[in-house]
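S.K.: One structure coming up, written as structure tokens, with questions to follow.
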Amino acid sequence: MSTKNYISAICSIKNGKVFVNNTLDYTFTESNEPIDFFKSVYKHYQLNYPKFYKMDSLSKLAFIASEILLKTQAISKEHTPENIAIIIANSASSLEIDTEHQQTINDKANYFPSPANFVYTLPNILIGEIAIRNKIKGENTFFIFDKFDTLFMSSYINSLLNSKKASICVAGWVDFYENHYEANLYLVENSEKGLKSKHTAEELNKRITNN
Amino acid sequence: MNVFVAADNIISPLGFTSIENFENLKHLQTGVRFFETSDFSVEPVHAAVIDNEKIETEFKKLNTSNGYTKLEKMAILSIHKALEQNTTIDIKSEKTLIIFSSTKGNIDLLQPELKNKYDKKRLFLWETAKVICSHFQNPNTPLVVSNACISGVIALMLGKRLLEENSKYENIIVVGADIITHFVVSGFQSFKAVSTEIAKPYDAERIGISLGEAAGTIVLTNNVSAISTTSSILVKGGASSNDANHISGPSRSGDGLLLAIEKALEESNLKAEDIHFISGHGTATLFNDEMEALAINDAHLQNVPMNSLKSYFGHTLGAAGIIESVITLESMRKNTLIATFNFKTLGTSKPVNIISKTQEANLQNCLKTAAGFGGCNAAIVFSKQ
């Protein structure tokens, strides 16, 4: 399908590796614990945002991916907060922290539900975290797919840009469940910048699986 | 391309059809009840809960298999009952897409006693949506929106966008459902957000939310021959926004909601003075209702009659935006403004025109708003043709 929109940058995080624009940028081998890896990425890229430590695993992953992605381009200089959209999807919703919350209420003798956990039992909280960090106020939606639906995502985001509901979109996939994790966040805009890669499902499929 | 409402339904403690629900609201009947003890709360609590036996009885009438969870049954019943209203909609057609809106889906399956009763996959919202879809032999992969308490409004907006630009679909069935669980109740209680009385939206004495469960369906179509031309309602415009302020508290200024309202009105080619009714979010927490009042004032909508239905249905999370929109549609058809149950004295710093008495009014254009955790806001406009 033809499009006048472009993927200008992409950040992928999986298997202890960080890829920026499909080039390996950082590898972590000291531990198999995802959280250790996320914290080491946070330090390596000098992200300096103490709220990171309060986030659940899913939001931590989304946060580091979004920070690395948005270091490639100062989007707030060219786009107003109202015109920046965030459209993200995953498969497991917030089931990782959901399971944790459930464990705090199963036993009435040992009952300790916490608001700090409960707030993360919604997948779109990670969109909120990215929005707060970057002062982004535009369209935001969280979708749940069995597998990342690049055809739907590309056509929906193209239509948001084409109908001027947004001038740039932070888009992609952030999933974390039972120690399996993967993030692929990318920027879509209607001018040829950065990667200058056509924003189509085919191109997304290549860029997401080729790391 | 215009997008019309072709049919709708609500499954709630106040009834299993849109009309039954609307009639109960007209007579100030609330679905929120007091539970001294319950399996969803360690302390006494008010909640709007559907009678399980009624769900079973109604579901048996469908003569279908019984491998469905409570939430799936509610969603399936809701779609069935919506389709009964409009037999021209072919749910088995490739031109019909289902959009599922839910915050927590089958989250009750995490409970130890239900854990092994169903395949673990059923905890995944995409699987829940597929199960609902296959029941109706719909050939398309359903879309799932899970965006906190604005999910329902976003799902409707999405349906509208897909139908106006994309000739691939003729009908989109937007179904939303969430259920009362210990999971959700304990979480809101840990936030100290649950009211010890039935919620009092926008009231000076409001002290928090009442939770509820419901399923709701709105069938959208771009096929003019699928609707009756005498009473057709269009989805005119919609938008979402983010406060970029706090993950669990609304913006103090209401700027995020204001942005969603402005964008929705702009897309609808309408001005503030064209709006005749606002179906607010009105959770009855101190901060949410105050935030809404500020946004409504900044949008110059403070004189427009407005209500919240949270004191009738409780907060039904992913279903809320849909069932509250269904009541808005019914209000437009009947030209009737529904009073906000339990509202006595306005308790926001800026004035809003909360409907305290159910009354007749000519309703041409109506606005539905929502806000939720994660700082998200959404607004959608319905208009009579």
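Only the coordinates and a few stated rules stand behind these numbers; no lab work does. Quantities reported herein were computed from a predicted structural model and do not represent experimental measurements. All Cβ positions, glycine included, derive from the backbone under ideal geometry; neighbour counts span all protein chains shown.
S.K.: With everything on Cα atoms, drop me the angle between helix A:34-44 and the longest principal axis of chain A, reported from 0 to 90° to the nearest 10.
M.R.: Here the helix axis deviates by roughly 60 degrees.
S.K.: Exposed loop sites here are GluC sites (Glu not before Pro) in DSSP loop states with at most 12 other C-beta atoms within 10 Å. What is the longest stretch of chain A lacking them?
M.R.: Looking at chain A, A:31-177 is the longest stretch - no exposed GluC sites (Glu not before Pro) with at most 12 other Cβ atoms within 10 Å.
S.K.: Over the Cα atoms of region A:73-194, each weighted equally, I'd like the Debye log10 I(q)/I(0) at q = 0.12, 0.14, 0.23 Å⁻¹, rounded to two decimals.
M.R.: So the normalised log intensities work out to -0.51, -0.66, -1.31.
S.K.: Taking the Cα centroid of region B:167-185 and of region A:1-43, what is the distance between the two, rounded to the nearest whole Å?
M.R.: 33
S.K.: Work the Kirkwood hydrodynamic radius out for region A:6-209: mean of 1/r over every pair of different alpha-carbon atoms, inverted, in Å.
M.R.: About 17.3 Å for region A:6-209.
S.K.: Considering the options B:Thr196, B:Thr181, B:Ser146, tell which one lies farthest towards the positive end of the dipole of region B:134-232, charges being +1 on Lys and Arg and -1 on Asp and Glu at the Cβ, about the Cα centre.
M.R.: B:Ser146
S.K.: Next up: Tell me the angle of helix A:150-162 to the major Cα principal axis of chain A, expressed in degrees between 0 and 90 and rounded to the nearest ten.
M.R.: 60
S.K.: Using the structure shown, select from A:Lys135/A:Lys196; A:Lys164/B:Lys236; A:Lys17/A:Lys71; A:Lys39/A:Lys135 the pairs with a Cα to Cα distance greater than 20 angstrom.
M.R.: From the list (A:Lys135/A:Lys196; A:Lys164/B:Lys236; A:Lys17/A:Lys71; A:Lys39/A:Lys135), the Cα-Cα distance tops 20 Å for A:Lys135/A:Lys196; A:Lys39/A:Lys135.
S.K.: Arranged by the count of other C-beta atoms within 10 angstrom, fewest first, what order do A:Ile64, A:Ile157 take?
M.R.: A:Ile157, A:Ile64
S.K.: Summarise the partner chain shielding of A:182-195 as one whole number: the mean count of Cβ atoms from other chains within 10 Å of each residue's Cβ. Don't skip to the answer; put the middle values down first.
M.R.: Values: counts 0, 0, 0, 0, 0, 0, 0, 0, 0, 0, 0, 0, 0, 0.
The mean count of partner-chain Cβ atoms within 10 Å per residue comes to 0.
S.K.: Can I ask one more? Under 4 °C and 1.567 mPa s, how fast does chain B diffuse according to Stokes-Einstein, given a Kirkwood radius computed over C-alpha pairs? Answer in µm²/s, whole number.
M.R.: 64
S.K.: If you project the alpha carbons of the protein assembly as shown onto their three principal axes, what span does each projection cover, largest first, in Å?
M.R.: Principal extents (Cα only, largest first): 64, 57, 53 Å.
S.K.: Here's something else I'd like to know. Starting from 0 in steps of 10 Å, tell me what percent of the Cα-Cα pairs of region B:4-229 lands in each bin.
M.R.: Result returned by the calculation: 8, 31, 36, 19, 6, 0.
S.K.: Restricting attention to region B:115-220, which trypsin sites (Lys or Arg not before Pro) occupy a DSSP loop and are surrounded by at most 13 other Cβ atoms within 10 Å?
M.R.: B:Lys115, B:Lys117, B:Lys168, B:Lys192
S.K.: If you keep only loop residues by DSSP, which trypsin sites (Lys or Arg not before Pro) in region A:1-103 have at most 14 other Cβ atoms within 10 Å of their Cβ? Mind dumping the intermediate values first?
M.R.: Working: sites: A:Lys4, A:Lys14, A:Lys17, A:Lys39, A:Lys43, A:Lys51, A:Lys54, A:Lys60, A:Lys71, A:Lys77; in loops: A:Lys4.
Loop-located and lightly packed - A:Lys4.
S.K.: Now, a different point. Between the helical axis of A:57-71 and the dominant principal axis of chain A, each derived from Cα atoms, what acute angle in degrees is found, rounded to the nearest 10?
M.R.: Helix A:57-71 sits at roughly 30 degrees to that axis.
S.K.: So what is the orientation-averaged projected area of region B:230-384, using the convex hull of its C-alpha atoms, in nm²?
M.R.: Computing the convex hull of the Cα atoms and averaging its projections yields 8.1 nm².
S.K.: Let's test the formula: R0 of 30 Å, r as the Cβ-Cβ distance of B:Asn116 and A:Ala116. What FRET efficiency results, to the nearest 0.05?
M.R.: 0.50
S.K.: So, one more: Cut-off is 10 Å between beta-carbons; in what order do A:Tyr186, B:Tyr169 appear when sorted fewest neighbours first?
M.R.: B:Tyr169, A:Tyr186
S.K.: Let me ask another. Evaluate peptide B:181-188: per residue, the Cβ atoms of other protein chains within 10 Å of its Cβ; return the mean as an integer.
M.R.: Other-chain Cβ atoms within 10 Å of each residue's Cβ, averaged: 5.
S.K.: Which value, in debye to the nearest 20, gives the size of the charge dipole of region B:4-229 about its Cα centre, when Lys and Arg are +1 and Asp and Glu are -1 at the Cβ?
M.R.: Values: 23 positive and 26 negative charges, 107 e Å.
Dipole size: approximately 520 debye.
S.K.: In a solvent-free Debye calculation with one equal scatterer on each Cα, what is log10 I(q)/I(0) for region B:339-385 at q = 0.16, 0.19, 0.23 Å⁻¹, listed in the order of the q values?
M.R.: After summing over all Cα pairs, the log10 values are -0.71, -0.94, -1.11.
S.K.: In chain B, what percentage of the DSSP-assigned beta bridges are antiparallel, given to the nearest 5?
M.R.: Antiparallel: roughly 70 percent of the beta bridges in chain B.
S.K.: How would you rank A:Tyr53, A:Tyr45, going from fewest to most other Cβ atoms within 10 Å of each one's own Cβ?
M.R.: On the way: A:Tyr53 9, A:Tyr45 15.
By the 10 Å Cβ count, ascending: A:Tyr53, A:Tyr45.
S.K.: Report the normalised scattering of region B:1-85 as log10 I(q)/I(0) at q = 0.21 Å⁻¹, calculated by the Debye formula with identical scatterers on the alpha carbons.
M.R.: -1.07
S.K.: While we're here: For a quick protection proxy, order the peptides B:72-79, B:299-306, B:196-203, B:57-64 by their average other-Cβ count within 10 Å, most packed first.
M.R.: Top of the packing list down: B:72-79, B:196-203, B:299-306, B:57-64.
S.K.: Please identify the trypsin sites (Lys or Arg not before Pro) of region A:112-181 that satisfy two criteria: DSSP loop assignment and at most 13 other Cβ atoms within 10 Å. Which are they?
M.R.: A:Lys135, A:Lys147, A:Lys164
S.K.: If you place +1 on the Cβ of every Lys and Arg, -1 on the Cβ of every Asp and Glu, and leave all else neutral, what size is the dipole of the protein assembly as shown about its Cα centre, to the nearest 20 Debye?
M.R.: Numbers: 57 positive and 63 negative charges, 162 e Å.
The dipole magnitude comes to about 780 debye.
S.K.: Can you give the average number of partner chain beta-carbon atoms within 10 Å of each beta-carbon in peptide A:89-96, as a whole number?
M.R.: Mean shielding by partner chains, rounded to a whole number: 5.
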